[in-house]
Amino acid sequence: MSSKFSFKGLKHKFLKNPIIANVITVGITVLFVKGIGFFKEIIVAENFGLSELLDTFLIAVLVPSFINGVFLGSFKSVFIPNYVSELKTGKNIGAFQSTSFIITIFVSIFFFLIAFLFTDVYLESFFAGHTQQYYELIKVQFYYVAPSILFWGFSSLISGILTIDDEFTFSSISAVFLPLSIIICLFFFKEELGNIVLAFGTLVGSFLSFLFLLFVAIKRKTIHLNKPDFASVNIKLLFKQLPAKLTASLLSGINPLVDQYFAAQLIIGSIAALNYGIKIPAFAIGIIGIALGNVLLPYFSKSTIDNKKEAFKKLKRILKYLIIGSSLTMVVLLLLSLPIISLVFERNAFTALDSEIVSKVQQMYLLQLPAYVTGLIMVKFLTSINKNNFMVLTSVIVLLMNFTLNYILIDIMGIYGLALSTSLVSIVNSVLLYAYISHLNKLHV
């Protein structure tokens, strides 16, 4: 009787824990969003298979996505801990927000112009040797995707403000608009939009996501604008941490470019094969990593201010459970790789041969699952304590290692070697981050 009571008590305590409750909430939301995104990939695969149009779309969206992940994502990551610090000190939140919005506008427009002006140079340098039609397909799609950069910038900042305010559900569900928009365009406007159907869907979805987040933020009264203050202590700290975070993210973000550069040297469809091969691993990583990352960055930012030593202990417990859970997930997905790809993608333009190729690519990517997820959480922790400088060093090591392994393994294993290289460098990155965190922990003992 007592064991039953203790089990109920443990279960009650587990569900009442706000961190666990938030992770579950975000996890369910991300599962829904990723599910829609995965359905979008099925529709895209059914319509385009491993085709030239899909290859060119993936190249067209590569630089805008790179800017979003590296520059806008980095600013959001640095913004959150310093915004939390501003909240703790009780200073002018309106001034901090206004300053951050101005920075976001400037950065978004600047990189939009850079991407727009240097498209031709970028294509000729990294994707040489293709037909003029191939390049025109890339450029016409790029011109529709590029304006999304501005909407992504605003969405990223507003999403950060909402997560700090413990509004995880709406900030997470906003990502559903992009895949939904592409699905609608493919079902109803494919003939009218022609070659720009994927790019146009991306632009519309990005705009709708921004409008949704803005509406939620206004409704919750989380936006407080005031006269900007670039002399604020926390804004200065934000600027101090930003170069290191940007550099680390930039170096990490180059890795997909490196992979696509090598893949472009292979037969048509290789870039698309890499894209499909990463979908299942990214799905698993997204559910675990995003759910934890979105909750834990503001959580670590708050807890490290109160008790840094205890925060280190909590991080190690989280990593232990993550390694066990993600390793089990990896083994199951490795064993079921081909049946999953065949079931999900194999229809119409996507053939049985395509399934065999993509399933092997997927297996190579799956090897990184435990390392990638734990690495993501460790990066969030280091960002929360403003320790971004070390991540620059790890990013340099990972980039050099990825380039070297790509060069070696592409000759030995072809397209599969590129995916294996990504997994190997992810494992090395995770080990380096853990060693550094252990070193920091000893300093606080």
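With 0.36 nm allotted per residue and the present C-alpha distance subtracted, the Phe110-Asn226 stretch has 39.4 nm of extension available. The heavy atoms of His224 offer some 90 square angstrom of accessible surface to a 1.4 angstrom probe.
Of the solvent-accessible surface of the stretch 94-223, computed with a 1.4 Å probe and all protein chains present, 73% belongs to carbon and sulfur. When the surface is traced with a 1.4 Å probe over the full set of protein chains, Tyr416 keeps roughly 60 Å² accessible. Ranking of Tyr434, Tyr122, Tyr276 by solvent-accessible surface, largest first: Tyr434, Tyr122, Tyr276 (1.4 Å probe, protein heavy atoms only, all chains present).
The string of couplings for the stretch 173-184 from the Karplus curve (6.51, -1.76, 1.60, θ = phi - 60°) is 6, 4, 5, 6, 5, 5, x, 4, 5, 5, 4, 4 Hz, one whole number per residue in order, with x for Gly and Pro. Solvent-accessible surface of the stretch 344-427, averaged per residue with a 1.4 angstrom probe and all protein chains in place: 38 square angstrom.
Each of Lys139 and Lys308 was given a label point 7 Å from its Cα along the Cα-to-Cβ line. The distance between the two points is 5.3 nm.
Taking amide H as placed 1.01 Å from N in the peptide plane, Asp229 has its amide H under 5 Å from the amide H of Thr99, each at least 5 places away in sequence or on another chain. Solvent-accessible surface of protein heavy atoms, probed at 1.4 angstrom with all chains present, puts Asp411, Asp55, Asp120 in the order Asp411, Asp120, Asp55, largest first. Rolling a 1.4 Å probe over the protein heavy atoms of the stretch 339-422, with every protein chain left in place, gives an accessible area that is 68 percent carbon and sulfur.
Counting only heavy atoms of protein chains, what accessible area per residue, in Å², does the stretch 132-209 have with a probe of 1.4 Å?
Heavy-atom SASA per residue in the stretch 132-209 reads 38 Å².
Starting from the Kirkwood radius over alpha-carbon pairs of the stretch 398-445, derive D by Stokes-Einstein at 10 °C in a medium of 1.306 mPa s and give it in µm² s⁻¹. It diffuses with D of about 134 µm²/s by this estimate. Ordered by 1.4 Å accessible area with all protein chains kept, Lys387, Lys279 run largest first as Lys387, Lys279.
Full extension of the chain segment joining Val233 with Glu46 gains 62.0 nm, where the gain is 0.36 nm per residue of separation less the Cα-Cα distance. With a Förster radius of 41 Å applied to the beta-carbon distance between Arg317 and Ile184, the computed FRET efficiency rounds to 0.40.
The string of couplings for the stretch 381-387 from the Karplus curve (6.51, -1.76, 1.60, θ = phi - 60°) is 5, 5, 5, 5, 9, 6, 10 Hz, one whole number per residue in order, with x for Gly and Pro. Our coupling estimate for the stretch 322-332, obtained by passing each phi through the Karplus curve with A = 6.51, B = -1.76, C = 1.60 and θ = phi - 60°, is 5, 4, 5, x, 6, 5, 4, 4, 4, 4, 4 Hz, Gly and Pro reported as x. Inter-label distance, Asn195 to Ala349: 1.4 nm, where each label sits 7 Å from its Cα along the C-beta direction.
Note on Lys219 and Val331: the model spin-label points, each 7 Å out from Cα along the C-beta direction, lie 4.4 nm apart.
How much of Val392 can a 1.4 Å solvent probe reach, expressed as accessible area in Å² and rounded to 10? For Val392, solvent-accessible area is about 30 Å².
The values are calculated or read from the model by the stated rules, or taken from the named source; none is laboratory data. Here the structure is a predicted model, which means the values were calculated and not measured. Backbone-built Cβ (ideal geometry, glycine too); neighbour counts: all protein chains shown. These area figures cover heavy atoms from the full protein model, side chains too; ligands, DNA and RNA do not enter into them. Shrake-Rupley method; radii C 1.70, N 1.55, O 1.52, S 1.80 Å.
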